[in-house]
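Please treat every number below as a calculation from the coordinates, not as lab data. Every value quoted in this text rests on a predicted model; they were computed, and no experiment measured them. A quick note on method: Cβ atoms are made from the backbone with ideal geometry, for glycine too, and the neighbour counts reach across all protein chains shown.
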């Protein structure tokens, strides 16, 4: 289990509603797979990205994400995954999914500095809906062939 992030209380007692009108005017139609073991964070990311027009799939952990990917016949354009999760961490998950889906982009999220990653592949939680919208759109616009990682410095 993750140690608590002292900067924000991610616990939610009722559904979270995000005012998408306040988010950067960025829209998309691509498919995003969110993998996050914390229900509140996963729900918030889903709400933000779905509200921006993306097709969103969600998984609680790496095993669930791999199973979902095997059942999903269409492309998955972006893997947005927590870095530190029980069982399989985000790096291992990304490597396994990219082996099967080589054109898929990857964004890592973490509420910790450990393990260290370059700023260009890490979205540091907590993050605002506007930053999420802008960074996801920027990453999906990239056309670099092969394995793709996103610049997610705040």
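Quick notes
- Exposure proxy ranking, count of Cβ atoms within 10 Å, fewest first, for 72, 105, 46: 72, 46, 105
- Considering only the stretch 27-149, percent of DSSP beta bridges that pair antiparallel, nearest 5: 0 percent
- Computed label-point distance, nm, for sites residue 89 and residue 64 using a 7 Å Cα→Cβ extension: 2.1 nm
- Global form of the stretch 27-149, assessed from the alpha-carbon gyration tensor, a/c cut-off 1.5: rounded
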